[in-house]
Amino acid sequence: MPEKISIIGAGSWGTALALHLAEKFSQISLWVYEQDLCDILTRTRENEWFLPGHRLPDNIQPTSSLQSAIEGQPLILLVVPTHVMRQTLSQIKPFLAKDCLLICASKGIENDTLLTTHQIIQDVLDIDNSVATISGPTFAKEVASGVPSALVASAETLATAKQVQELFATEKMKVFTSTDLVGVEIGGALKNVIAIATGICDGLGLGFNTRAALITRGLVEISRIGTKLGARPETFYGLTGLGDLVLTCTGDLSRNRQLGIQLGKGKSLKEITENMKMVAEGVLTVKSAYSLMKKLDIQAAIIEETYRVLHENKSPGQALEDLMKMEISTEFTGIEGL
């Protein structure tokens, strides 16, 4: 077991993972983008901005220097928003050890390239392996509090997936393995879009019937896109598909669901996001999802209507009305392998 790991990104999830890993590593470097926050973490040993109420153990060392965080580290855990992933990778590239393992804990799809997170890493760093992803139904606050949870460690080889499994598994964290990197990442990214849609319906004051239908049909749309991109169908009925989808669509700690609720109540996207300190990944991911459904010629009405509400100023009420008018086909049409 390596003694050191570097975590790039000190938002709520990055901080929670640092706390989770503190019992397994003697030294954790936690890179903080905001200098003011880095100063607070160093002085108070608490992430007052993104994860208050959890003291950092002494073996977690905050730093605002990427070189200091990266140089000589055998393990790098990336926990930055997907829209700044490429930029961050370009900055850390000169300092990476040749044989280091990169693990990504971010969820999203790049807007311009439509690449998932591990594909962005491979593209920027020009590597084919030594890349893994962790994903699953996990709220940062609950992981930081030690609530029993489960993750999936995914890599292109089972050996690498098992290595990551060993790194993250504890008495409070069950970690499963997968070699379906694309499926794991598509599920983790697109569930944020469906969570916004579900939140909109909750904000409109609709019932549990509507919520259940949206979650279920949303999973079908995620599966359609994922399998067309080469993912295995069964991945979407596991922790990183159905599990993460249910959590994010129903949990009050979900930023994407909360954003949707405010949209459903009549607030504008600009008004909502101006008051949000943390990123709701689904706002940008829905652009990629919409582009993918067009590129792949897939019917994904929930994703399409969510895109129009977020980025074309369509009213939530009209979007719902148009969804209900759609002609329907067999339940699982368009999902390869089913």
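On the stretch given as segment 80-104, residues that are assigned to a loop (DSSP other than H, G, I, E, B) and either at positive phi or without any contact (Cβ under 8 Å) to a residue 12 or more places away in the chain (or both) total 1. Flag: Lys107 does not match the condition of being assigned to a helix (DSSP H, G or I), touching a residue at least 60 places away in the same chain (Cβ under 8 Å) and not assigned by TED's automatic domain parsing to the domain that holds Arg255. Of the numbered criteria (1) in contact with a helix residue (DSSP H, G or I) (Cβ under 6 Å, 6 or more places away or on another chain); (2) more than 20 Å from Arg211 (Cβ to Cβ); (3) at pLDDT below 95, the one Tyr290 fails is (3).
Residues in segment 155-174 that are among the hydrophobic types (A, V, I, L, M, F, W, C), surrounded by fewer than 18 Cβ atoms within 10 Å (Cβ to Cβ) and closer than 17 Å to Pro74 by Cβ: Ala159 only. Kindly establish whether Ile76 is hydrophobic (A, V, I, L, M, F, W, C), out of contact with any helix residue (DSSP H, G or I) (no Cβ under 6 Å at 6 or more places or on another chain), within 29 Å of Gly183 (Cα to Cα) and not in a loop (DSSP other than H, G, I, E, B). Taking the combined requirement at face value, the residue satisfies it. Has segment 260-274 got at least one residue that is assigned by TED's automatic domain parsing to the domain that holds Glu312, on the phi > 0 side of the Ramachandran plot and either surrounded by 15 or more Cβ atoms within 10 Å (Cβ to Cβ) or not aromatic (Phe, Trp, Tyr) (or both)? Within segment 260-274, one or more residues are assigned by TED's automatic domain parsing to the domain that holds Glu312, on the phi > 0 side of the Ramachandran plot and either surrounded by 15 or more Cβ atoms within 10 Å (Cβ to Cβ) or not aromatic (Phe, Trp, Tyr) (or both). Being touching a helix residue (DSSP H, G or I) at 6+ places or on another chain (Cβ under 9 Å) and outside any loop (DSSP other than H, G, I, E, B) is the filter; apply it to segment 33-47 and report the residue that is surrounded by the most Cβ atoms within 10 Å (Cβ to Cβ). Ranking the qualifying residues of segment 33-47, first place goes to Asn47. When you look at Ile200, is it in contact (Cβ under 8 Å) with a residue 40 or more places away in the chain and closer than 15 Å to Glu304 by Cα, yes or no? For Ile200, the condition - in contact (Cβ under 8 Å) with a residue 40 or more places away in the chain and closer than 15 Å to Glu304 by Cα - is met. Does Lys295 fit the bill of being in contact (Cβ under 8 Å) with a residue 60 or more places away in the chain and within 14 Å of Asn111 (Cβ to Cβ)? Judged against the criteria, Lys295 is a match. Scoring Lys191 on the criteria (1) part of a loop (DSSP other than H, G, I, E, B); (2) at pLDDT 95 or above; (3) of a type in the set (D, E, K, R) leaves a single failure, condition (1). Inspect all residues belonging to segment 123-135 and state whether any of them is more than 14 Å from Leu66 (Cβ to Cβ), in contact with a Phe, Trp or Tyr (Cβ under 9 Å, 6 or more places away or on another chain) and touching a residue at least 60 places away in the same chain (Cβ under 8 Å). No, that holds for no residue. Could you tell me whether segment 195-205 includes any residue that is surrounded by fewer than 20 Cβ atoms within 10 Å (Cβ to Cβ), small (Gly, Ala, Ser) and not assigned by TED's automatic domain parsing to the domain that holds Thr235? Taking every residue of segment 195-205 in turn, none turns out to be surrounded by fewer than 20 Cβ atoms within 10 Å (Cβ to Cβ), small (Gly, Ala, Ser) and not assigned by TED's automatic domain parsing to the domain that holds Thr235. Within segment 315-338, the set of residues being of a type in the set (D, E, K, R) and free of Cβ contacts under 8 Å to residues at least 40 places away in the same chain comprises Glu321, Asp322, Lys325, Glu327.
Tell me, yes or no, whether segment 48-71 has at least one residue that is in contact with a Pro (Cβ under 7 Å, 6 or more places away or on another chain), under 19 Å from Met278 (Cβ atoms) and not in a helix (DSSP H, G or I).
Within segment 48-71 (the criterion being in contact with a Pro (Cβ under 7 Å, 6 or more places away or on another chain), under 19 Å from Met278 (Cβ atoms) and not in a helix (DSSP H, G or I)), the answer is no, since none of the residues qualifies.
The values are calculated or read from the model by the stated rules, or taken from the named source; none is laboratory data. Keep in mind it's a predicted model, so treat the numbers as computed, not measured. Methodologically, a virtual Cβ is constructed for each residue, glycine included, from the backbone with ideal geometry; neighbour enumeration extends over all protein chains shown.
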